[in-house]
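Have a look at the structure below before the remarks.
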Amino acid sequence: MRPIHNRPLSLNMSTNKKLKDFEEQIRQCVKCGVCQAHCPAYRLSRREGDVARGKVALAASLLDGGVKLEERLEQNIGMCLLCGSCVNKCPNKVATPEIVAAIRREITDNKGLSLIGKSVSTVTGSRALMQAITKGGALFSPLVLKEVPKSSGLRLRFPMKRMEARTLPKLPLRNLFERVPEFTRGDKDKPVVGFFAGCSITYVYPVVGVAMVKILRLLGYSVHVPRKQKCCGVPALSSGAGTAVEELAENNIKAFGKYDESIIITACASCYGGIGEYYATMEHADKTLSDKVIDFSVFLEKHGVVDMLRAMKPWPERPRVTYHDPCHLKNHGITAAPRALLKALPNVDFVEMEGASLCCGLGGTFSVSHYDASRAIGAEKIPGLRDSGARKIATACPGCIIQLQDSINHAGLEVEAVHILELLEEALMAANTE
Amino acid sequence: MIDRQTVSRLEEIVGAANVSVAQSDRITHSYDATKEQFLPDVVVYAENTEQVRNIARLADSQKIPILPRGAGSGFTGGTLPVHGGIVLVLTRMNAIREIDSDNLIAVVEPGVITADLQREVEKQGLFYPPDPASKEFSTLGGNVAECAGGPRCVKYGVTKDFVLGLEVVTASGELIHTGGQTLKNVVGYDLTKLFVGSEGTLGIVTEITLKLVPKPEAKKTMLVQFETIEGAAGAVSEIIRSRIVPTTLEFLDATTIDCIRDISPIPLPPACRALLIIEVDGDPLLLEKQAQQILSVVQPMGVVDVRIAETPEESEEIWQVRRNVSPSLRKINPDKFNEDIVVPRSKVPDMIRALEKIAARYQVPIVNFGHAGDGNIHVNVMVDLRQEGMAATVEEVMAKIFTTAVGLKGSLSGEHGIGTSKARFLGMELNAATIGYLRGIKKAFDPHNILNPGKIFFEADTQPASVIEYEHEQET
């Protein structure tokens, strides 16, 4: 079967690597087994085929012809959240998520996209579609997917029977682009900052995006929120939709630059991993975008916001708040900046929770393809959260928020999952009106 | 090759979902940390003792090898299915059955991860000391099979010192119990000690009773840099002679220090040619005194620099120096031969000097670090096997290293075991009569040789073509 998308490759365009491009990386795995301690999928199944070492062994066998794309191999390769925890702790930094994504693309090339992959590449490739879907009411609802053009020939359907129990946020009627201008002029001596919002902030949590823009304006920056930005490509990467990733990367690289932005901020850890990291690892990588990407927490800490918060008078009523480390920040070493902000907030009583760095279980499209496993991984967060006594769990990734809130709802806890930016906006705006 | 009927029987025992002959599963259960690969015929995940018994009965009647497997993180080929057969995965038998704070014991299934047990007992103010570097992923079943050690063993001892009793499934599927829940027990032969370190060749451990100790109140970490390895070794002797037994006494030799100098969080000047990481634990008031005492006895030994951690973060920084070692070794060469010889504590400098000579003579880098407190040296021969003749050179280097260690009244392995990777050297340390006794024991426990066959005892057909069996040198 042919790949779904078919278009001529433009020269110099960033393209996905092939599995054989990882030959040297695969050889670097010394089979020590360290990844077992850090892989959320393995911690659940305790099957060697599900851990990074097993997947790398399968990749090696695929390359030397020792195994074919059989059912079990596809299951093993499916059991990966692309969180990167294994790479972080690997003595030789073997890039297992990239290897897994490459195998998923081989599976796609061989058999065509899975239904999930088809949905993802169609939906995330089209802003109009995303808009239509969210307007319809529920992002994951099978009803809204009827909006997908029939002309594509795809029978688009999320496997809802596996996800009946999923609790989802109520979707807003107006998305981020309808709430903030494309360009806001700031102080003359401050540079223009680009904001890459990503799908979840744009369509599910636009309030987070609004908070980001407000805070940047308050600090004096000019802000560019390009309307032409599309999905970062992580869900497509996760489901083996290689062509979609390449198209999205090309689109997003072009979407910025109009105002000569020297900084591109993300407030979604997955997007940070996508536009900040994955684009830079592609074949013929165009790094103009990746090189400028910075996580909001690092940016704000660097620009004096922690001190600004510390100088504020603590609120008399401060809810106890804990923090969840999104994998795509933790694995880039970003653990201190979000905590520094939370500790400094006058409206928050920060406590650490046990298991703060455990994966939430979302993992791109993993939670759609493996909802039960995803829920079980998410449930591991609950004991630590309960013991912390926190009323809110703050994080720095809207994907994690969706998943954390689902886990919390199933556990029957009275805890709200929020984005740090929401707490930050609350503090800064209150201070500004005083 | 296993026939379809046997696979069906296995499916009846553990359920079809827990049996696989898929090529992918055979591949992902074919290796361990030696990087060697041997395909099993079938992979079976067991969930309880009864299943293990039925699998053993079946395997024994059909003479099919059984390879008990935990995390597969061993360094000597202990879980490699060198004769095919059934890989029996025990990672899902991972219940902590009991933590008894009155009697200071824990009862666990073999698939419990070492560090998971440690975290659980520490919540109750208790302590399980053995701490192999793999503790975050290795299983207690694997620790028992290999008699794992770790840095803290200087003070507390190794795995065998903490195993009070075992439930074991024999080759014929019988269930036997060794030891018990008491510290004192002299009824019959001490089978517990026999099973610990038997590398899965005598039985399949399905339950382990472990001794616990009270958790030390506090600990103190120090890093001392020395001008020479003799200075560091002398310091170790002086510390022990002054009646202090530290929790850990880790050393790094000059070759190791050269590897990590650029990335070390703590400055390591060129004058530093050996270093010790010393940790003491216990009563916080006593610790302060002990730390001062240690400093005063090591001071005359050519000390370059001393650092005492005042906070947990500073202690972490010191341990980071040690943790930097393994990932840095690959800078030297791509292929690592990692051995864990042990010599009497006082012979550590002699061994290091001998290793330097071997490295110079054969022109191969040898990087040494490890547990100075108990003479357990991690010897890493770093080579590039793509170079012609290198495999043969490594073989010679290994033989030289082992001969030297045994000559110093040491041993081939302190904590990794023999498995397949050191089987050919067994005769260097044990004479023929001793090996004959070991073989006799194996035969008594496992007449059909189905339990992890091909391990400990040399077999030419499962070794690389070039290797030879080494004879005991002082054979009479």
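FYI, it's all coordinate maths here, none of it is from the lab. Since the structure is predicted, the reported quantities are computational estimates derived from the model, not experimental observations. Cβ atoms come from the backbone with ideal geometry, glycine included; neighbour counts cover every protein chain shown.
Mind scanning A:LYS343/B:LYS220; A:LYS20/B:LYS135; A:LYS170/A:LYS230; A:LYS20/B:LYS35 and naming the pairs with a C-alpha gap bigger than 24 Å?
A:LYS343/B:LYS220; A:LYS20/B:LYS135
Mind giving me the nanometre distance, one decimal, between the label points for B:GLN387 and A:LYS254, set 7 Å out from Cα along Cα→Cβ?
Going from the B:GLN387 label point to the A:LYS254 one covers 5.2 nm.
Using θ = phi - 60° and the Karplus form 6.51 cos²θ - 1.76 cosθ + 1.60, what ³J(HN,Hα) does each residue of region B:189-197 get, whole Hz, x for Gly and Pro?
Running phi through 6.51 cos²θ - 1.76 cosθ + 1.60 with θ = phi - 60° gives 5, 7, 5, 4, 4, 5, 6, 5, x Hz.
For chain A, what is the calculated [θ] at 222 nm in deg cm²/dmol (nearest 500), taking -39500 (n - 2.57) for each run of four or more DSSP H residues and dividing by its residue count?
-11500 deg cm²/dmol
I need the shape label for region B:25-104. Rule: rounded when a/c is under 1.5, else prolate if a/b > b/c, else oblate, with a, b, c from the alpha carbon gyration tensor.
Oblate shape, in that a/c is at least 1.5 and b/c is the bigger or equal ratio.
In a shell of Cβ-Cβ distance under 14 Å around B:ILE318, excluding B:ILE318 itself, what net charge do Lys and Arg (+1) and Asp and Glu (-1) give?
Result for the local shell: -3.
Taking only Cα atoms, what is the 0 to 90° angle, nearest 10, from helix B:49-62's long axis to the longest principal axis of chain B?
With both axes taken from Cα atoms, the answer is about 70 degrees.
Could you give the angle, 0 to 90 degrees to the nearest 10, between helix B:432-445's Cα long axis and the longest principal axis of the Cα atoms of chain B?
Result, in degrees: 40.
Once amide H atoms are built 1.01 Å from N in the peptide plane, which residues 5 or more positions from B:ASN376, or in another chain, come under 5 Å H to H?
Long-range HN contacts for B:ASN376: B:VAL343, B:HIS371.
Considering only the other residues whose Cβ falls under 12 Å of the Cβ of B:ALA391, what net charge follows from Lys and Arg at +1 and Asp and Glu at -1?
In short, -4.
Whose amide H sits under 5 Å from the amide H of B:GLU207, counting only residues 5 or more places off or on another chain, with H placed in the peptide plane?
Here the answer is B:GLU167, since their amide H atoms fall under 5 Å of that of B:GLU207.
With each run of n ≥ 4 DSSP H residues scored as -39500 (n - 2.57), what mean residue ellipticity at 222 nm is computed for chain B after dividing by its residue count and rounding to the nearest 500 deg cm²/dmol?
The per-residue figure over chain B is -10000 deg cm²/dmol.
Ordered by packing density, taken as the mean number of other Cβ atoms within 10 Å over each peptide's residues, highest first, how do A:421-433, B:201-213 rank?
Per-residue mean Cβ counts within 10 Å order the peptides as B:201-213, A:421-433.
What FRET efficiency, computed as 1/(1 + (r/R0)^6) with R0 = 51 Å and r the Cβ-Cβ distance, is obtained for B:ASP305 and A:LEU168, rounded to the nearest 0.05?
The calculated FRET efficiency here is 0.30.
How fast does the protein assembly as shown diffuse by Stokes-Einstein, in µm²/s, taking the Kirkwood radius from C-alpha pairs at 4 °C and 1.567 mPa s?
Answer, rounded: 43 µm²/s.
If region A:217-367 were replaced by its equivalent ellipsoid, with semi-axes equal to the square roots of 5 times the Cα gyration tensor eigenvalues, what would those be, largest first, whole Å?
Those come to 31, 21, 11 Å.
Once you keep just the Cα pairs under 8 angstrom separated by 6 or more residues, what percentage relative contact order results for region A:161-219?
45
For A:VAL293, list long-range residues whose amide hydrogen, built 1.01 Å from N in the peptide plane, is under 5 Å from its own amide hydrogen.
Distant-sequence amide H within range of A:VAL293: A:ILE264.
Quick one: compute the contact order of region B:323-461, relative version, from alpha carbon pairs under 8 angstrom and 6+ residues apart, as a percent.
It comes to 25 percent, rounded to a whole number.
I'd like the distance between the alpha-carbon centres of region B:254-310 and region B:355-397, rounded to an integer number of Å.
Each part reduced to its Cα centre gives a spacing of 26 Å.
List, in the order given, every pair from B:LYS155/B:LYS211; B:LYS357/B:LYS455; A:LYS313/A:LYS392; B:LYS219/B:LYS336; A:LYS89/B:LYS331; A:LYS381/B:LYS123 whose Cα-Cα distance in the structure shown is over 23 Å.
Over 23 Å Cα-Cα: B:LYS357/B:LYS455; B:LYS219/B:LYS336.
Please report Rg (one decimal) and Dmax (integer) in Å for the Cα set of region A:261-328.
16.1, 55
At 7 Å along the Cα-to-beta-carbon direction for both B:ALA432 and A:ARG320, put a label point, then send me their distance in nm to one decimal.
According to this spin-label approximation, the distance is 7.3 nm.
Just subtract the alpha-carbon distance of B:ALA271 and B:ALA460 from 0.36 nm times their residue separation and send over the number in nm, one decimal.
Residue separation times 0.36 nm, minus the Cα-Cα distance, leaves 63.3 nm.
Among the trypsin sites (Lys or Arg not before Pro) in region B:274-355, which ones are in a DSSP loop with at most 14 other Cβ atoms within 10 Å of the Cβ? Mind listing them?
Listed in order of number, the matching sites are B:LYS331.
Taking the Cα centre of each part, how many Å lie between region B:143-191 and region B:109-140?
About 16 Å separates the Cα centre of region B:143-191 from the one of region B:109-140.
Tell me, what HN-Hα J-couplings in whole Hz come from the Karplus equation 6.51 cos²θ - 1.76 cosθ + 1.60 at θ = phi - 60° for each residue of region A:349-354, using x for Gly and Pro?
Those phi angles translate into 9, 7, 10, 7, 10, 6 Hz.
Quick check: pseudo-label points 7 Å beyond the Cα along Cα→Cβ at B:GLU98 and B:THR182, how many nm apart are they?
Computed distance between label sites B:GLU98 and B:THR182 equals 1.4 nm.
For region A:98-105, in order, what is each residue's ³J(HN,Hα) by Karplus, 6.51 cos²θ - 1.76 cosθ + 1.60 with θ = phi - 60°, in whole Hz (x at glycine and Pro)?
Going residue by residue, I get 5, 5, 4, 4, 5, 5, 4, 5 Hz, with x marking Gly and Pro.
Rounded to the nearest 5, what % of DSSP beta bridges with both residues in the protein assembly as shown are antiparallel?
70
Please report Rg over Rh for region A:364-434, where both radii come from the alpha carbon positions and Rh follows the Kirkwood definition.
1.08
Residue by residue through A:47-60, how many Cβ atoms from other chains fall within 10 Å of the Cβ on average?
Per residue, the average neighbour count from other chains is 5.
Express the relative contact order of chain B as a whole percentage, based on alpha carbon pairs under 8 Å and six or more residues apart in sequence.
For chain B, the relative contact order is 15 percent.
Under a 10 Å cutoff between Cα atoms, tell me which one of A:GLY399, A:GLY304, A:GLY54 has the largest fluctuation in the Gaussian network model of chain A.
Its mean-square fluctuation being the largest, the pick is A:GLY304.
In degrees between 0 and 90, to the nearest 10, how far off the longest principal axis of chain A does helix A:52-64 point, with axes built from Cα atoms?
For A:52-64 against chain A, the angle is about 40 degrees.
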